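Peer 1: I have a structure I would like to understand better, so I am pasting it below and will then ask my questions one at a time.
The values are calculated or read from the model by the stated rules, or taken from the named source; none is laboratory data. What you see is a predicted model; the values in this text were computed from it and never measured. Neighbour counts are summed over all protein chains in view; Cβ atoms, including those assigned to glycine, are modelled from backbone coordinates with ideal geometry.
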Amino acid sequence: MPKGRGIRRITTVMNQKLKQILSLNNSASLISSLMAIVVGLAVGFIVLLVSNPSQALGGFGAILASGFGDRKSMGQVLYFATPIIMTGLSVAFASRTGLFNIGASGQFIAGAYAAIVVGVKCTFLPGHTLWIAALIAAMAAGALWGLVPGILKAMFNVNEVISCIMMNYIGMYLVNFLITITVFDSLKNQTMRVPANANMPKMGLDAIFSNGANVSSANSGILVSIIMAIVLFIILEKTKFGYELKACGFNREAAKYAGINERSSIISSMLIAGAMAGLGGALLYLAGSGKGIDVVDVLAAEGFNGIPVALLALNNPIGVIFSGLFISYLTVGGFNMQLYSFAPQVIEIIISIIIYFSAFALVLKGLLQRGGKRR
């Protein structure tokens, strides 16, 4: 056999094996996540059964059916999913590069504040340029808040978990202070409302997902979050830059030996992660729902909700879209739990159980991969 033909044959076989491995990896990821959801829901039903046997079946049915109960409910699922998809992307992107971004809450609120300030103070901007400027400001603020832990990690090897937690509280208290001297509505103890042209365009989604005059809060923010998920997927899987970031996440010493700038990769990863969380803050508070940032000493829950969204998606940006929609779907279903004599907080218990089992998804994924390779 000619040498050239032999090399081509070997290359073809290697490519086929690589495709099989990637296919096995994707299948194992999907199966492990679905099993975590099924087992989590089953345990959640047991919790309902123990607490109130007579209403358990009706309450569980409400959780599963309320998200599709009517068109407004479906619109609310999209509305609640938008910010947690963005914070999920923030956590997932950092995790793919070997970093645990637990600072999404601080980055989220920093971005939200920047968006509201631009929306309230920059009314001289014409038409739709106001909400575009607000989104850019939110991404910049979130990126800045992610930059600090990135620099501390890259330059001084400070654990990003510790610095991110500190930045969460600094962000919360700083935003509370800045609100009171810039865009404060003292009657409501929260930020002022932005003008109509600072809100995200509805693009007809509020009319589509409505029950007559009872419209939902759905808007184009969900489209922005989906686009950003696709962009991050392309960056990670199809670009040299993404390959370098993932290489540092797998093995920093090996990446450094291969000539990849480890410090630059860490800083870039935290910048992008922070920008995604900041954008999530803008998409929530510029949704036209009348929501403002309350001046309270409580960290933004959306930042922490991004962690289970990323965990359930196994840090896949496309998977984050679906896991964010699923968590939002359960949240909307939980609003009806009082009709069955359950406290609304019971849905948080069920979501926590699903998250707990999704943590075992990585273990299950490894078992499925080893079994597939043996076959």
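Peer 1: List every residue pair whose Cβ atoms lie under 6 Å apart, where the two residues are 6 or more positions apart in sequence or sit on different chains, the first residue falls within segment 218-243 and is farther than 21 Å from Lys72 by Cβ, and the second residue, located anywhere, is aromatic (Phe, Trp, Tyr).
Peer 2: Close Cβ pairs satisfying both conditions: Leu232/Phe93.
Peer 1: Scanning for something hydrophobic (A, V, I, L, M, F, W, C), under 22 Å from Thr82 (Cβ atoms) and part of a helix (DSSP H, G or I), does segment 150-160 turn up at least one residue?
Peer 2: no
Peer 1: For segment 320-375, which residues satisfy the criterion of being part of a loop (DSSP other than H, G, I, E, B), over 16 Å from Leu64 (Cα atoms) and at pLDDT 80 or above?
Peer 2: Correct list: Ser341 only.
Peer 1: Just one of the numbered conditions (1) more than 15 Å from Ile293 (Cβ to Cβ); (2) assigned to a helix (DSSP H, G or I) is not true of Thr180; which one?
Peer 2: The single condition Thr180 does not satisfy is (1).
Peer 1: In addition: Are any residues in segment 49-76 closer than 20 Å to Val38 by Cβ and either crowded, with 18+ Cβ neighbours inside 10 Å or touching a residue at least 12 places away in the same chain (Cβ under 8 Å) (or both), and if so, which ones?
Peer 2: Ala56, Gly59, Phe60, Ala62, Ile63, Leu64, Ala65, Ser66, Gly67
Peer 1: So in segment 109-130, with the set limited to residues that are surrounded by fewer than 24 Cβ atoms within 10 Å (Cβ to Cβ) and in a helix (DSSP H, G or I), which one is farthest from the chain's Cα centre (by Cα)? So that I can check it myself, show each step before the final result.
Peer 2: Step one: of segment 109-130, the residues surrounded by fewer than 24 Cβ atoms within 10 Å (Cβ to Cβ) are 117, 120-130.
Filter again for in a helix (DSSP H, G or I), leaving 117, 120-121, 129-130.
Numbers: Val117: 23, Val120: 26, Lys121: 28, Thr129: 26, Leu130: 25 Å.
Filtering segment 109-130 for residues that are surrounded by fewer than 24 Cβ atoms within 10 Å (Cβ to Cβ) and in a helix (DSSP H, G or I), the one farthest from the chain's Cα centre (by Cα) comes out as Lys121.
Peer 1: Give all pairs with beta carbons closer than 7 Å in which a residue from segment 277-288 that is part of a helix (DSSP H, G or I) meets a residue that is hydroxyl-bearing (Ser, Thr, Tyr) and surrounded by 24 or more Cβ atoms within 10 Å (Cβ to Cβ); count only pairs at least 6 apart in sequence or on separate chains.
Peer 2: Ala277/Thr87; Ala277/Ser90; Gly280/Thr87; Leu283/Thr82; Leu283/Ser225; Leu284/Thr82
Peer 1: Also: Which condition does Gly259 not pass, out of (1) in contact (Cβ under 8 Å) with a residue 60 or more places away in the chain; (2) assigned to a loop (DSSP other than H, G, I, E, B), if it passes all the others?
Peer 2: (1)
Peer 1: Looking at segment 195-225, which of its residues are under 23 Å from the mean Cα position of the chain (by Cα), loosely packed, with under 15 Cβ neighbours inside 10 Å and on the phi < 0 side of the Ramachandran plot?
Peer 2: Pro201
Peer 1: Look at segment 193-212 and say how many of its residues are over 19 Å from Gly67 (Cα atoms) and out of contact with any strand residue (DSSP E or B) (no Cβ under 8 Å at 6 or more places or on another chain).
Peer 2: 11
Peer 1: Sticking with this one: Using beta carbons and a limit of 8 Å, which pairs, at least six apart or on different chains, have the first residue in segment 151-163 and at negative phi and the second one among the basic types (Lys, Arg) and in a helix (DSSP H, G or I)?
Peer 2: Filtered contacts from segment 151-163: Ala154/Arg263; Met155/Arg263; Asn159/Lys153; Glu160/Lys153; Ser163/Lys153.
Peer 1: Considering only residues that are of a type in the set (Ser, Thr, Tyr) and at pLDDT 95 or above, which ones fall in segment 169-213? Break it down into steps so the answer makes sense when it comes.
Peer 2: Our first condition is that a residue be of a type in the set (Ser, Thr, Tyr); within segment 169-213, this holds for 169, 173, 180, 182, 186, 191, 210.
Residues satisfying the conditions are Tyr169, Tyr173, Thr180, Thr182, Thr191.
Peer 1: Follow-up. Checking the structure you have, find out if any residue of segment 131-151 is among the aromatic types (Phe, Trp, Tyr) and either under 27 Å from Leu286 (Cα atoms) or touching a Leu at 6+ places or on another chain (Cβ under 7 Å) (or both).
Peer 2: Yes, the conditions are met somewhere in segment 131-151.
Peer 1: So, of the residues in segment 275-319 that are over 21 Å from Ser217 (Cβ atoms) and of a type outside the set (A, V, I, L, M), which turns out to be modelled with the lowest pLDDT?
Peer 2: It comes out as Pro308.
Peer 1: Continuing with the same structure: For segment 268-317, give me the residue count where each residue is out of contact with any strand residue (DSSP E or B) (no Cβ under 7 Å at 6 or more places or on another chain) and closer than 24 Å to Ala133 by Cα.
Peer 2: As a first pass, look at segment 268-317 and keep what is out of contact with any strand residue (DSSP E or B) (no Cβ under 7 Å at 6 or more places or on another chain): 268-291, 296-317.
Filter once more, keeping what is closer than 24 Å to Ala133 by Cα: 268-291, 300, 302-303.
Residues in segment 268-317 being out of contact with any strand residue (DSSP E or B) (no Cβ under 7 Å at 6 or more places or on another chain) and closer than 24 Å to Ala133 by Cα: 27 in total.
Peer 1: Can I ask one more? Taking segment 147-166, which residues are touching a Phe, Trp or Tyr at 6+ places or on another chain (Cβ under 8 Å) and modelled with pLDDT under 95?
Peer 2: Passing the criteria: none in range.
Peer 1: What are the residues in segment 337-350 that are in contact (Cβ under 8 Å) with a residue 60 or more places away in the chain and not hydroxyl-bearing (Ser, Thr, Tyr), if any? Break it down stepwise before answering.
Peer 2: In the first step, residues of segment 337-350 are kept if they are in contact (Cβ under 8 Å) with a residue 60 or more places away in the chain; the result is 337, 339-342, 346-347, 349-350.
Selection gives Met337, Leu339, Phe342, Val346, Ile347, Ile349, Ile350.
Peer 1: Do you know which of the residues in segment 67-79 that are in contact with a strand residue (DSSP E or B) (Cβ under 8 Å, 6 or more places away or on another chain) and part of a helix (DSSP H, G or I) is nearest to Asn159 (Cα to Cα)?
Peer 2: Step one: of segment 67-79, the residues in contact with a strand residue (DSSP E or B) (Cβ under 8 Å, 6 or more places away or on another chain) are 70-72, 75.
Those still in the list that are part of a helix (DSSP H, G or I) too: 71-72, 75.
Working: Arg71: 45, Lys72: 44, Gly75: 40 Å.
Filtering first and then ranking leaves Gly75.
Peer 1: Check Thr123 against each of (1) among the β-branched types (Val, Ile, Thr); (2) free of Cβ contacts under 8 Å to residues at least 12 places away in the same chain; (3) touching a helix residue (DSSP H, G or I) at 6+ places or on another chain (Cβ under 9 Å) and name the one condition it does not meet.
Peer 2: In the conditions (1) among the β-branched types (Val, Ile, Thr); (2) free of Cβ contacts under 8 Å to residues at least 12 places away in the same chain; (3) touching a helix residue (DSSP H, G or I) at 6+ places or on another chain (Cβ under 9 Å), Thr123 misses (2) alone.
Peer 1: Hey, another quick one. For segment 80-108, give me each residue that is in a helix (DSSP H, G or I) and more than 13 Å from the chain's Cα centre (by Cα).
Peer 2: Arg96, Gly106
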